[in-house]
Structure formats: C-alpha cells, structure tokens
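In what follows, a structure is listed as structure tokens, so that the remarks can point back to it.
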Amino acid sequence: MNRIAVWRAHRVPVAPDRSEARPWFVIGAGPAPLRAVLHASAARSGPAVPVVVLGDRFRPDDNEFLLRGLAVARAGSGRLVLVHTGSGGGSLLNCAVAEDGRLSAIEIELSGGATPPAVEAAIAFAGHHADGYRHVEIDGNGNAWRTGWSDVDFPCVDPARMRGEVLITGGLGGLGIRVAGMLRARTGIRPVLLDDLGRGEISGDVHAALARLKSSGGTTVLDADVTDLAQVRTVLAARQVTGIVHCAGDVRGGFVASATASRLAALQAPKVTGLRNVLAAVDRGALRRLITFGSITARSPHSNMGAYALANELLRRSTIAAADDLPGCGCTAVEWSLFSGAGQAHRMGAVRQARSMGMPPVPLQAGMDVLLRLFTNPSTDSLAVTGLGDRTFPPGP
Ligand SMILES: NC(=O)c1ccc[n+]([C@@H]2O[C@H](COP(=O)([O-])OP(=O)(O)OC[C@H]3O[C@@H](n4cnc5c(N)ncnc54)[C@H](OP(=O)(O)O)[C@@H]3O)[C@@H](O)[C@H]2O)c1
C-alpha cells in the first residue's frame with residue numbers, strides 16, 4: 001500500500017488539568033440526569049459557558065442545539081463544551097474553531113454512559129478549557145482517553161472466491177463507478193449500482209466507465225433516491241445483496257458561522273438516512289460486508305467544510321452502530337482524504353490546492369486496492385486513509 005497510509009484510532013490515557021466550576025449554560029436534550037448534574041455544579045458568576053448535552057444517537061434537533069451552543073459561545077466567552085453519550089457532533093465544533101480563532105471547544109464523549117464516575121470526570125474536564133479543540137472519551141469508570149493513531153496494513157484474502165451481488169449506492173458517481181469496476185474486475189462480484197438518475201448529470205468519464213462495466217456483463221443499474229425509503233424498498237425488492245458499499249453523498253462547502261440546521265440536515269440525509277434506508281430494504285441475514293465512504297474532514301478540521309465533516313462523522317457513528325444489528329456482517333467506516341484520478345474533489349480541482357496545503361491525495365488505484373483488501377477482511381472497524389506524508393494527519397492531540 002505505498003503512496004497511501006491507512007490509520008486506525010487507539011486510546012491514549014489522559015487526566016484532567018486544573019479545573020474550576022464554570023457558570024455553565026446547559027443546552028440540549030441529552031440524558032436529563034446528566035443535564036441536571038451539570039446545571040447543579042455550575043458556578044454562579046462569570047461569563048456563561050454553553051454546555052451542549054446530547055444523547056447516544058444524533059437526532060434532527062441536535063443540529064439546532066450545536067448551532068445554538070456555538071452562537072452563545074461566540075456572543076460570550078468564546079468557549080463551548082459538548083457532552084454526549086455517543087451522538088457525536090464534535091467535528092462541527094472542530095471546524096468552527098479552525099474558522100474562528102476566538103472559539104475553543106471540548107467534546108466529552110461518555111462512551112460507557114452517564115455513570116456517576118463518568119459525570120464527575122466530565123465536570124473536571126469541562127471546567128478546564130484549553131485553546132483550540134479537544135476530544136476526550138470517558139468510560140463508565142471515569143477513565144479518560146484521547147485519540148491516538150497508528151498506521152495499519154491488511155492482507156488481501158483471495159478475492160476470486162467472492163460471489164453474489166453487491167449494492168453500491170451513489171454507484172454512478174466518480175468513485176462509486178470505480179468501486180464497481182474494481183470489484184467486477186478483481187472478484188466474482190456482480191455490482192448493483194443505485195443512484196438518483198434524475199438529479200445530477202452523469203459525467204463523460206462515468207458514462208465511459210459504465211459502458212465498459214456493462215459490456216463485461218453482470219451489472220445492474222437502479223434509479224432511486226436513497227433518502228426515500230419507499231423508493232429504495234421498491235428497487236431492491238426481491239434482490240439479495242451480500243454486500244453494500246455506501247458512496248451516496250453530496251459535498252458542499254460553507255462556514256459554520258453561516259450554517260443553518262436545515263443545511264446541516266441536507267448533507268446528512270444521503271449519508272445517514274441513506275444508510276438507514278438501504279439497511280432497512282435489504283435482507284440483513286444475507287449481508288456479509290458493509291463499507292461506507294466517509295471523509296477525513298470528520299477527523300481533522302478543514303475550514304469551510306464543517307457541515308460536510310459532521311455528515312461524515314455521523315456516517316461513521318451510524319456504520320459502527322449498525323454492526324449491533326448485523327451479527328454476520330463486517331461493518332467498516334472508511335474516512336478518506338481526497339482522491340486524485342476520479343471523484344468530486346478531482347472534478348472540482350481541489351486536489352491541487354490540497355497538495356499545496358500539505359495533503360497529498362489518495363491515488364485512485366491505491367485507494368481501490370485498499371478497498372479490495374478491506375472488502376476481503378470483514379471486520380467491524382473505523383479507518384482513515386490519507387496520501388502518504390500528509391502533514392495534516394494524524395491531527396494533534
Ligand atoms: N472524491 C473524494 O475525494 C472523496 C473523499 C472523501 C470521501 N468521499 C466520499 O465518497 C463518496 C463518493 O464521492 P464521489 O467523489 O464519487 O462523489 P460523486 O461523484 O458526487 O458521487 C456521489 C454520487 O452519489 C449520488 N447521490 C447523492 N445523493 C443521492 C441520493 N439522495 N440518492 C441517490 N444517489 C445520491 C450522486 O448523484 P447526483 O450526482 O445525482 O447528486 C452521485 O452520483 C461521497 O460520499 C463522498 O463524500 C469522496
């Protein structure tokens with residue numbers, strides 16, 4: 001896997017620094033006992049620090065809570081705390097901080113639930129506020145961790161033996177069609193491409209790739225909007241897919257300060273609702289492999305990409321959560337850096353600019369090679385893939 005690096009997150013222990021009670025201003029609909037404890041432990045004077053408290057799954061209203069928390073922070077101390085039991089949301093704050101030097105934020109993730117030791121540790125972390133953005137995970141015993149990264153390698157396990165139909169959402173997109181071509185050429189898999197045909201234009205290179213794929217036989221194209229469950233159910237009725245590669249998604253830039261909850265939700269829909277819908281429409285018992293296409297922006301901040309980052313963070317969390325109901329299926333969330341050679345970033349000319357910022361792209365061929373390796377190693381995992389020598393990844397502690 002030369003020219004690229006594949007990264008897996010691990011936990012590094014951390015302890016809270018000097019801490020003091022803040023005049024917390026609690027926002028959000030996370031667990032009521034957690035909100036009550038935070039509220040009760042607040043100091044009585046000083047500039048208010050908003051604490052957004054969310055639950056274990058991201059809900060539509062949570063977009064509004066995050067934006068409100070940011071607005072209160074901007075108008076006051078510049079500081080923001082996010083506490084949640086699994087919903088996520090920190091990637092939006094990370095981008096907001098990167099865009100506005102007056103803001104700082106800490107995301108406190110209670111991965112073992114809001115147990116008394118975890119809440120006590122959360123209050124200690126919330127009371128100390130460093131500059132920039134920080135993510136801390138606290139387990140049920142109150143032990144705290146930050147994320148570290150190691151690069152990993154995977155063998156390719158006999159792809160020729162792979163059979164059956166694999167659904168590729170966003171299959172007529174720049175990357176989806178290459179995924180289909182690679183799987184058709186290197187395995188016994190028959191691709192089923194699902195895309196919203198009426199919505200966007202299909203580019204010339206995708207037309208050419210589709211023609212090649214069709215001429216090799218065994219390829220199906222389905223027309224459906226992944227955000228519409230009825231449409232997805234109709235086109236997938238009576239099909240039995242053994243794998244899903246979820247590529248459907250939109251990229252749109254915009255500063256977090258001008259984001260609205262509806263714009264955040266619009267970017268989340270094809271990724272998160274789309275995943276939920278395809279999983280609801282297929283025979284789950286037959287499914288052996290789920291791979292979702294997320295973005296590195298969910299892990300390291302990129303100015304102007306906050307809404308996209310959040311959509312991809314929620315996709316990663318949904319992918320890992322889906323594994324609970326898919327015991328026979330490896331569920332892998334892959335968070336890619338920009339691809340060169342195909343895809344939106346390539347089309348929009350963003351690769352050159354990224355290179356100049358120290359982000360070498362993921363060459364198409366090398367990316368597809370990683371995908372094949374992941375496809376043949378069905379474990380539940382979350383991985384980041386970058387170009388080799390990326391100066392922006394892994395992000396600092
Ligand atoms: N390109 C990169 O460098 C890169 C890097 C990291 C992650 N990713 C992720 O990888 C995935 C594929 O990216 P790409 O570059 O191939 O993008 P792309 O060329 O725009 O392909 C995305 C495809 O998804 C389709 N789609 C969007 N919303 C849909 C919906 N509601 N129902 C059905 N289909 C829908 C699009 O159709 P329309 O054209 O009709 O909208 C398009 O064909 C995306 O999720 C992207 O976020 C890409």
Scanning the stretch 52-79 residue by residue, those in a strand (DSSP E or B) and over 23 Å from the mean Cα position of the chain (by Cα) turn out to be ARG79
Restricted to the stretch 182-212 and to residues being open to solvent by 10 Å² or more (accessible area, probe 1.4 Å), in a helix (DSSP H, G or I) and touching a Pro at 6+ places or on another chain (Cβ under 8 Å), the residue farthest from the ligand (Cβ to nearest atom) is ARG186
Which residues, counting only those in the stretch 80-102, are open to solvent by 10 Å² or more (accessible area, probe 1.4 Å) and either at pLDDT below 95 or assigned to a loop (DSSP other than H, G, I, E, B) (or both)?
THR85, GLY86, ASP100, GLY101, ARG102
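Answer with yes or no whether ALA105 is surrounded by 14 or more Cβ atoms within 10 Å (Cβ to Cβ) and touching a residue at least 24 places away in the same chain (Cβ under 8 Å). Step through it out loud before you land on a result.
Numbers: surrounded by 14 or more Cβ atoms within 10 Å (Cβ to Cβ): yes; touching a residue at least 24 places away in the same chain (Cβ under 8 Å): yes.
When the stated conditions are applied, ALA105 passes them.
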Anything in the stretch 1-27 that is part of a loop (DSSP other than H, G, I, E, B), within 23 Å of TRP145 (Cβ to Cβ) and not hydroxyl-bearing (Ser, Thr, Tyr)? List them, or say none.
ALA15, PRO16, ASP17, ARG18, GLU20, ARG22
Among the residues of the stretch 251-271, which ones are within 22 Å of SER318 (Cα to Cα) and in contact with a Gly (Cβ under 9 Å, 6 or more places away or on another chain)?
ARG263, LEU264, LEU267, PRO270, LYS271
Residues of the stretch 281-300 satisfying the condition of being out of contact with any Asp or Glu (no Cβ under 8 Å at 6 or more places or on another chain), assigned to a loop (DSSP other than H, G, I, E, B) and within 15 Å of the ligand (Cβ to nearest atom)
SER300
I need a count of the residues in the stretch 135-173 that are in contact with a strand residue (DSSP E or B) (Cβ under 8 Å, 6 or more places away or on another chain) and touching a residue at least 60 places away in the same chain (Cβ under 8 Å).
24
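Answer yes or no as to whether GLY254 is farther than 20 Å from ILE168 by Cβ, free of Cβ contacts under 8 Å to residues at least 60 places away in the same chain and away from the ligand (no atom under 11 Å from the Cβ). Spell out the reasoning first.
Working: farther than 20 Å from ILE168 by Cβ: yes; free of Cβ contacts under 8 Å to residues at least 60 places away in the same chain: yes; away from the ligand (no atom under 11 Å from the Cβ): yes.
Judged against the criteria, GLY254 is a match.
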Among the listed residues SER262, SER295, SER300, which satisfies the condition of being more than 14 Å from the chain's Cα centre (by Cα) and assigned by TED's automatic domain parsing to the domain that holds PRO360?
SER262
Taking the stretch 236-253 on its own, how many of its residues are surrounded by 18 or more Cβ atoms within 10 Å (Cβ to Cβ) and more than 25 Å from SER340 (Cα to Cα)?
4
Among the numbered conditions (1) among the polar types (S, T, N, Q); (2) more than 21 Å from LEU315 (Cα to Cα); (3) modelled with pLDDT of 95 or more, tell me where ASN63 comes up short.
(2)
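Name the residue, out of LEU264, LEU315, that is under 28 Å from THR392 (Cβ atoms), in contact (Cβ under 8 Å) with a residue 40 or more places away in the chain and within 12 Å of the ligand (Cβ to nearest atom).
Values: LEU264 fails: within 12 Å of the ligand (Cβ to nearest atom).
Result: LEU315 is the single residue among LEU264, LEU315 that is under 28 Å from THR392 (Cβ atoms), in contact (Cβ under 8 Å) with a residue 40 or more places away in the chain and within 12 Å of the ligand (Cβ to nearest atom).
The values are calculated or read from the model by the stated rules, or taken from the named source; none is laboratory data. Just so it is clear, the structure is predicted and the values come from calculations on it, not from any experiment. Note that we place each Cβ from the backbone using ideal geometry, even for glycine, and neighbour counts take in every protein chain shown. SASA here: full protein model, heavy atoms, side chains in, ligands and nucleic acids out. Shrake-Rupley method; radii C 1.70, N 1.55, O 1.52, S 1.80 Å.
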